[in-house]
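The values are calculated or read from the model by the stated rules, or taken from the named source; none is laboratory data. What you are looking at is a predicted structure, and each value in this text was computed from that prediction instead of being measured. Cβ placement follows ideal geometry from the backbone for every residue including glycine, while neighbour counts extend to all protein chains displayed.
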Amino acid sequence: MVFLPLIVLSLVGHNFKWALAFFVLAGLSDFLDGLLARTLHQQTTVGQYLDPVADKLLLSTMFLVLAVLHHIPWKFTIVVFSRDITILGVSAVLYATTALRDFRPSIFGKANTTTQVAAIFFVLLRPLYDAEWVEYGRMVGLWGTFIFTILSGVHYVFLVGQRLRRGQQ
């Protein structure tokens, strides 16, 4: 989350080289943090909740800022925010009213995060490197995000309903 203000300031200043560098550094630090936590057996319950929140904060902010700057069409940002706000609201209600605490991401959620990261990477690369493969990567990332955002949202609703029906805590 330390990199988020640096990325946003770079984007607002139209410095895509620094925005991309900070975005890659944020991804690397997140990866290393997770790797170290698993390797050293330092995983905590707080970390298991905060890590996805930090990831969502970074990715959602990136989609919002890039949409405001007209580098991502609004439809992608609206779909991303709609899913995330819905999941956050449902999770909060379930946390407050049930003993359900298992909010691990599904394979579709992980695919969604991967496509969001790829989409943002290629969107940030596009102003720096005008090549057909970069535009192709941007479009695949954005449409992959669109598809996996919807799939993972529907899958999440299905899983939560299933767990609630079974009375899983």
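When you scan the stretch 60-73, do you find a residue that is among the small types (Gly, Ala, Ser), modelled with pLDDT of 95 or more and assigned to a helix (DSSP H, G or I), even just one? Yes, the stretch 60-73 contains a residue that is among the small types (Gly, Ala, Ser), modelled with pLDDT of 95 or more and assigned to a helix (DSSP H, G or I). Looking only at residues in the stretch 129-169 that are at pLDDT below 95 and within 19 Å of LEU11 (Cβ to Cβ), the one that is surrounded by the most Cβ atoms within 10 Å (Cβ to Cβ) is TYR129. One residue stands out in the stretch 123-169 among those that are in contact with a helix residue (DSSP H, G or I) (Cβ under 7 Å, 6 or more places away or on another chain) and of a type in the set (Ser, Thr, Tyr): the one that is nearest to LEU88 (Cα to Cα), namely TYR156.
Taking each residue of the stretch 60-84 that is under 12 Å from LEU124 (Cα atoms) and looking for partners that are hydrophobic (A, V, I, L, M, F, W, C) and outside any helix (DSSP H, G or I) with beta-carbon atoms closer than 7 Å, six or more apart or interchain, yields PHE63/ILE72; LEU66/ILE72. Among residues that are under 22 Å from PHE31 (Cα atoms), more than 13 Å from the chain's Cα centre (by Cα) and in contact (Cβ under 8 Å) with a residue 12 or more places away in the chain, LEU94 is not included.
For first residues located in the stretch 150-167 and free of Cβ contacts under 8 Å to residues at least 60 places away in the same chain and part of a helix (DSSP H, G or I), partners that are buried (at least 17 other Cβ atoms within 10 Å of the Cβ) and not polar (S, T, N, Q) and lie 6+ apart or on another chain with Cβ distances below 6 Å form the pairs LEU151/PHE108; HIS155/PHE108.
Just a yes or no: is a residue in the stretch 128-135 assigned to a loop (DSSP other than H, G, I, E, B) and of a type in the set (Phe, Trp, Tyr)? Yes, the conditions are met somewhere in the stretch 128-135.
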